[in-house]
Ligand code: ASP
């Protein structure tokens, strides 16, 4: 039986009823110290964009889209540029977004030529009749092209860092039993954002390149509503971590349900990170760890993680942008 990992958490609180707020994450894992500066820089740039939009009274869904667009653009994270490579040496991207007010969501998975998956997810969320909310692979790419999103070449997302990691993994013939990259040392730099706008509405989104060296076609929790993200009129959350584990417990909808029963977001997050770990103690040596950010309607926010570190940050009106790892 693995030992329950230490859970780190913190809270944020709105000053007033209508205080706009934004929280972001840039993945939860054993982020190397050499990479912390670029993570913080990427989050600060994205938060600054979120701050400006919220001060212009923009809607929460639009703010989530714009903040995540900048995180996808920054090479520090496993989303957009800098995404990890699968076993074929290719990037496959997933993203999802949800509006708490209307329960509309949009998502894409396994896309290779969409520059900003979160923007296409947003476009699907905005489809009036809501008949096609979640598209995968080539279908999603065709939808994007038909809606004016210019495709990029698949190598647009490639970085030297991920090429080197891929080469190391492919050389490691004993990959499955190796400890060179496992559990928390395996990069999990998914990005996410939760927003509460001036009208008190909530939205959440998540974007990722998935986990490194997975089989082509693998989809984790990140683009799945209720698993990698969720929003309703009471709470918005975005998760990151071991995708198969998060999916198995529907992490985001579980924390949201607990908040609806009266728990503070931080309490709900800590309880569910414990549950995630306990649930997966089935004899496999798997690190069932994750991180989560949350905001509720009343301006209570929280972050929590059971990994060694999590890139996180936020802003609220009358406060300064903060980041931490
Ligand atoms: N949850 C993501 C996945 O499994 C990975 C991550 O959060 O970094 O695809």
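Rule-based calculations on the coordinates, nothing more; no lab input. On a predicted model such as this, the values are computed, not experimentally measured, just so you know. Neighbour counts are summed over all protein chains in view; Cβ atoms, including those assigned to glycine, are modelled from backbone coordinates with ideal geometry.
Numerical summary
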item	result
Range of Cα positions in segment 129-168 per principal axis (Å), largest first	46, 18, 12
Rg(Cα)/(2.2 N^0.38 Å) for segment 189-230, N = residue count	1.42
Cα radius of gyration and Dmax for segment 67-222 (Å)	16.1, 54
Theoretical ellipticity at 222 nm over the chain - DSSP helices of four or more residues, -39500 (n - 2.57) apiece, nearest 500	-9500 deg cm²/dmol
Intensity falloff of segment 27-158 expressed as log10 I(q)/I(0), Debye formula with alpha-carbon point scatterers, at q = 0.09 Å⁻¹	-0.27
DSSP beta bridges in the chain [antiparallel fraction, %, rounded to 5]	95
DSSP-defined beta bridges in segment 1-140 - what % are antiparallel, rounded to 5	60
Neighbour-count order for 161, 128, fewest beta carbons within 10 angstrom listed first	128, 161
Rg followed by Dmax, in Å, when the chain is reduced to its Cα trace	18.0, 56
Diffusion coefficient, µm² s⁻¹, Stokes-Einstein with Kirkwood Rh over alpha-carbon pairs of segment 18-77 at 25 °C and 0.890 mPa s	203
Projected label distance in nm at residue 62 and residue 172, using a 7 Å step from Cα toward the beta-carbon	4.5
Gain in span if fully extended, residue 90 to residue 322, counting 0.36 nm per residue against the direct Cα distance	80.1 nm
Using alpha carbons only: equivalent-ellipsoid semi-axes of segment 231-325, gyration tensor based, whole Å	24, 16, 9
Ranking of 45, 289 by count of other Cβ atoms within 10 Å, fewest first	45, 289
DSSP-defined antiparallel bridges as percent of all bridges, segment 219-325, nearest 5	95
